[in-house]
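The next block holds one structure in the form of structure tokens; read it before the comments.
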């Protein structure tokens, strides 16, 4: 893991010119709690994400970081507090949930491509059935994004025929086809071989350079340093510490953060 | 060698070339070795199996094909056209004291009348006998006589064929079921063939308007076609009707029940669970009897509800319960990530089910669903219990007919053959489908 990130540090020059953060609020979470049965996973979360922000969330497993971003598109239901996405509150109202899911793209650890559909069909499915886009237009859009993730030549293959890195890039393209304003990444590189991590991170950097609002659960600290404007450390269902990457890595405030950083940066 | 000597590493890495596999693992010899004679135990099994086949197959082929009678219009055609003469033969026996005795016996001999080509084969067989008097064995005798080899009388099937296929459907109206089933089969084949245009529309036609058209064709009473009461429907046609209705009805119903059982809504879930578990824990025969006796209780008094319709409803509900459990198995086999990915893309419940979940679940379920359908096709024979004349019933009626007594072998052989053709085709199609839908994951 550390090898790929150091590669990144060396090779890719990140252009921060378009990575501007506006005053507009994209996501606002207020006093949010979540329980799995009796287990209190998320405790009193407050978080405001402005449009254009790139936030990296890290923390030990079981700290609630995946659950947090899964609450933002209602894959998990919160029990207390409020979540606003694009000023729409997430409640049990199915219409709101659908509207928000259309605006929020998600990339999973295990890609979750649809194995019975080709790469192209994976990408065009949601635009055609959710956005009611004509098929030809949807395919055009899909091909454009497959080019963005640099695998247009695989469009007619099935996901099962691709490598892990390629599959994850298809999954990113699939999300982008819905033209989301916010992207959530749930450990996008954790299931990949070291040789494939880089190609996925590069695509994510491209996205960041285009000004996408991103919330990314990852342990790729190289990526965090280069791309993120804010790094957030979570433990035991709470946001322990958040700061700009330089400050976060070089001058962590909490002893819990220090311990975590020492463990992931020295191996 | 020191610990630091790891051999030389060349500066440029060149992969070694691919070599062909050892000869004993490929080709005919490789196949034989791998599949039939991998070790002594399997070799022995192979030999035993070959021996068993040698013992079983030739007699069946002889009976069903080589010695069988195909042409003719009555039972007489299957009678041997050779004469059997009873010859008197003198044979010798040996008495306990060593002296010989002469015995007169009769032995059959086949005589071919002039100008006749014999329609049977016969062999000479040695018959052994004993001479006994007052319980004491006196002598052993041996005589040779001709024995006619028995062959199948397919003439019987030829003559009763119409009844096996159509039951008691009136002769002059039999074109109606023929057309319906013929067109139905053609449409099904069209629908199942890859690359044909408008397959989806054909499928929709088969699902909704076709059964209605088929019903009016069978039943008549419209367009100048005389009414045929469904008590007269029978034979293979009835078997096909029952299985087709049960299959087309049970699949959508079963999917709905499976989705209902996994629903978040407790009332729907409870209803589905009770429905499925009740029907699954009752034998099909009971369902059939209940359909005959209990179903009318739920209908307003005075409504007559015919027997066939009741049986069809009973069988469909029964099969739907089983289908539901198979579908549920398929749904559970899908990783949760598929649901999440579909939801994250903004697909609603029904679109997610239709586009993502069911296509994959159905694919996993193909073998189980097809074996279920094969099961239904065979289970239709149970309807004879409630007085419907399916294929097997028609065969049974024919073999107990006084005129054709003793030909049950042919009847059941035919019946088994028809069932085999249908079930085997379904099974092969499912295997083809499995291969086709396999997209390498």
Filtering the stretch A:182-210 down to residues that are part of a loop (DSSP other than H, G, I, E, B) and out of contact with any strand residue (DSSP E or B) (no Cβ under 7 Å at 6 or more places or on another chain) yields A:189, A:190, A:191, A:192, A:193, A:210
Residue list for the stretch B:339-361, restricted to those being facing another protein chain (nearest Cβ under 7 Å) and either in a helix (DSSP H, G or I) or closer than 10 Å to residue A:125 by Cα (or both)
B:340, B:341, B:343, B:344, B:345, B:347, B:351, B:355, B:356, B:359, B:360
For the stretch B:301-316, indicate whether the set of residues that are within 26 Å of residue B:359 (Cα to Cα), assigned by TED's automatic domain parsing to the domain that holds residue B:368 and free of Cβ contacts under 8 Å to residues at least 60 places away in the same chain is non-empty.
no
Residues of the stretch A:17-29 that turn out to be exposed (fewer than 14 other Cβ atoms within 10 Å of the Cβ) and modelled with pLDDT of 85 or more, as a count
1
If the requirement is being without any contact (Cβ under 8 Å) to a residue 40 or more places away in the chain and closer than 14 Å to residue B:240 by Cα, which of these qualifies: B:424, B:420, B:373, B:377?
B:420
Among (1) in contact (Cβ under 8 Å) with a residue 60 or more places away in the chain; (2) closer than 17 Å to residue B:370 by Cα; (3) touching a helix residue (DSSP H, G or I) at 6+ places or on another chain (Cβ under 7 Å) - the single one residue B:235 does not satisfy:
(2)
With respect to residue B:381, is the statement that it is in contact with a strand residue (DSSP E or B) (Cβ under 8 Å, 6 or more places away or on another chain) and either more than 14 Å from every other protein chain (Cβ to nearest Cβ) or surrounded by fewer than 22 Cβ atoms within 10 Å (Cβ to Cβ) (or both) true?
yes
On the basis of being at pLDDT below 90, assigned to a helix (DSSP H, G or I) and either within 23 Å of the chain's Cα centre (by Cα) or within 14 Å of another protein chain (Cβ to nearest Cβ) (or both), does residue B:364 make the cut?
yes
Residue match in the stretch A:79-89 (condition: in contact (Cβ under 8 Å) with a residue 60 or more places away in the chain and more than 14 Å from chain B (Cβ to nearest Cβ))
yes
Residue hits (the stretch B:289-338; within 14 Å of chain A (Cβ to nearest Cβ) and more than 27 Å from residue A:72 (Cβ to Cβ)) are B:330, B:333
Mind listing just one residue for me: the one in the stretch A:138-151 that is in contact with a helix residue (DSSP H, G or I) (Cβ under 8 Å, 6 or more places away or on another chain) and modelled with pLDDT of 90 or more and, of those, farthest from the other protein chains (Cβ to nearest Cβ)?
A:143
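Please go through the stretch B:391-441 and pick out each residue that is on the phi < 0 side of the Ramachandran plot and within 14 Å of another protein chain (Cβ to nearest Cβ).
As a first pass, look at the stretch B:391-441 and keep what is on the phi < 0 side of the Ramachandran plot: B:391-405, B:407-439, B:441.
Correct list: B:433, B:434, B:436, B:437, B:438, B:439, B:441.
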Test of understanding: among B:47, B:32, B:103, B:36, which residue is in contact with a strand residue (DSSP E or B) (Cβ under 9 Å, 6 or more places away or on another chain) and over 30 Å from residue B:409 (Cβ atoms)?
B:103
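Just give me the residues in the stretch A:225-244 being under 27 Å from residue A:31 (Cβ atoms) and not in a loop (DSSP other than H, G, I, E, B), in sequence order. Break it down stepwise before answering.
Within the stretch A:225-244, the subset under 27 Å from residue A:31 (Cβ atoms) is A:228-244.
Matches in the stretch A:225-244: A:230, A:231, A:232, A:233, A:234, A:235, A:238, A:239, A:240, A:241, A:242, A:243.
The values are calculated or read from the model by the stated rules, or taken from the named source; none is laboratory data. Owing to the predicted nature of the structure, the values given are computational and were not obtained by experimental measurement. Every residue, glycine among them, receives a Cβ derived from its backbone with ideal geometry; neighbour counts consider all protein chains shown.
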